[in-house]
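Each reported figure results from applying straightforward, stated rules to the coordinates on display, with no laboratory input. These numbers were taken from a predicted model, which means no experiment stands behind them. Reconstructed Cβ throughout: ideal geometry from the backbone, glycine too, with neighbour counts over all protein chains shown.
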Ligand SMILES: [Fe+2]
């Protein structure tokens, strides 16, 4: 043991004041111990934090500490930290190498169990009339809306139930609701309150824009890839988003996904001004969400976090958010499905979904989200289910291009030891994600959700929207056909 430690630990006069340190570095054993024992850093994270040291160095430092605890703790009373050590500690290695980015998020996030009671004071900041769009069937929204309306009335805000939706919004839904708002004379002093899942929030975003657009304009004219390619001229009405599911993160994105079935397409209305002015996230609103919806929505959020983390457009702030979101969501989704009333599980899932929205809004997504809309429009596969189906395929497809990032996820999420090769770590990550899908009960094969073999070419053809452009590996249409056939 002595010889092994000697390769890694030295006590050289003049280096670290002669204290025990990592051989060849000015990093003391004490530093490793403090960051590991007291601040919870894993050995892998310590390697990233202190550039140049190896996992073997970290393990040797910890072993040395346990054998020489008294001496090392005595050292801490005479602590000297060099500039190199400080720089090494606080310059974490980022996956992205170029720090040049924009970051767009809701101006205000109000997060917490039971905080829906604060809607009155929050809403008053945005106007004197709340135009409400609800999700249906949404027992929680139906139960809480009267109380939220009372809270708004108490702040002298009028409440008008302007619309409700029980499916992913279609272009006709947006145009009809926008016409309704124009009849109500919607304008300055009004704001939209979206209470529901991603469908209600995306509908409200699109209506907020279209209600103040030209009277003859149709939302399809403003969508990516269809219509006339118009840009929004007027600022949309302010939006206050109150999600009742933990899924799409629509409360923190600036696109509204709009569907059409004849002809089939699913496209986004996208403009930074569509971002909610405030997101009021009360995880308690999710307790009545049934297990299958919790599972599919949660897998949507997890897919968004993973795809943003490895996206071709990955950015540093979203990557940090992705790591935290995944750390919370991966264990919490199982508990949320099995015990819907679990406060920690619902809190973690709502927070992770919120982070996933911020991440995807700024970093884009990948092939799972490229294919999911086409599965929705051609085969009516719910978005979250489609994401869960495609996630393992997306991981396998991108494993070579994003080996290190995926190995890091394996370590962070599933405790894969860094002694294992990156390839082994990625194998384990994919296995664990598949096991997670099985545990929460989402479908695993396309045939389970009614996809027919003859539909696959059209699904593949319609999979190359904005999300696919974030995929690390460039895919051809024949390749997507092959991947989908393998998943039947
Ligand atoms: Fe999604």
ask   = At 10 °C and 1.306 mPa s, what whole-number value in µm²/s does Stokes-Einstein give for the translational diffusion of region 108-286, with Rh from the Kirkwood sum over Cα pairs?
value = 100 µm²/s
task = Can you give me the three principal axis dimensions of the chain from its C-alpha atoms, in Å, biggest first?
result = 82, 57, 42
task = Please find the FRET efficiency linking residue 62 to residue 101, where r is the Cβ-Cβ separation and R0 is fixed at 41 Å, and quote it to the nearest 0.05.
result = 0.70
remark   = Fewest to most Cβ atoms within 10 Å: 412, 442 sort as 412, 442
query = If each residue's Cβ is checked for other Cβ atoms within 10 Å, how do 245, 54 rank with the fewest at the top?
reply = 54, 245
ask   = How would you rank 146-159, 292-305, highest first, on the average number of other Cβ atoms within 10 Å across their residues?
value = 292-305, 146-159
request  = Can you tell me the order of 22-29, 434-441, 123-130 when each peptide is scored by its average per-residue count of other Cβ atoms within 10 angstrom, highest first?
outcome  = 22-29, 123-130, 434-441
ask   = Given 0.36 nm per residue, what is the gain on full extension from residue 156 to residue 184 after removing their alpha carbon distance, in nm?
value = 8.2 nm
note = If the chain between residue 445 and residue 327 were fully extended at 0.36 nm per residue, the gain over the current Cα-Cα distance would be 39.8 nm
inquiry  = Below 8 Å between Cα atoms, with a sequence gap of 6+, how large is the relative contact order for the chain in percent?
reply    = 12 percent
message = Can you show me the helix-derived [θ] at 222 nm for the chain, built from DSSP H runs with n ≥ 4 at -39,500 (n - 2.57) apiece and divided by the number of residues, rounded to the nearest 500.
response = -15000 deg cm²/dmol
ask   = At what distance in nm do the modelled label points of residue 482 and residue 260 sit from each other, each positioned 7 Å from its Cα along Cα→Cβ?
value = 3.3 nm
note = Nearest 10, in degrees from 0 to 90: the angle of helix 139-154 to the longest Cα principal axis of the chain is 80 degrees
